[in-house]
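The values are calculated or read from the model by the stated rules, or taken from the named source; none is laboratory data. Computed from a prediction, not measured in an experiment: that's the story for all the values here. Every residue, glycine as well, gets a Cβ built from its backbone with ideal geometry; the counts of neighbours run over all protein chains shown.
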Amino acid sequence: MSVVLLADQPPTSDRARQHSLRVYLTVQDWLGNSLDPTQWGWYMGERTLYPVPSKLSPAPQELLHLIACNCKAGCRAGSGCSCRKAELPCTPACGKCSANSSVVQYCSK
């Protein structure tokens, strides 16, 4: 079984569209054309602009379930961790096996 590195995959069509909108806005700004950023891939936060996140799921739900293991007791040998089986890092989406949501934790082998 070969391992697919998720980071090497191209963006979804929705993410590519949002990025293209922001690139177009940047080029128009360089050309001196003032456009409303909220119409071109940005939304206004409390005090700053943020990129509009993808409106679609990055993958089918069945695939996302395979990636996020949701181990209840941590990712130990024999726990059935799907991340560990696929040699993928556990992420905050994995649930309880990821104690600190701001840090990517890797399943120990």
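Descriptive notes on the structure:
- Residue 103 being on the phi < 0 side of the Ramachandran plot, part of a loop (DSSP other than H, G, I, E, B) and either loosely packed, with under 13 Cβ neighbours inside 10 Å or at pLDDT below 65 (or both): yes
- Complete set of residues in the range 7-28 that are farther than 30 Å from residue 90 by Cα and touching a Pro at 6+ places or on another chain (Cβ under 9 Å): 22, 25
- Test: residue in the range 38-51 that is part of a helix (DSSP H, G or I) and at pLDDT 95 or above: yes
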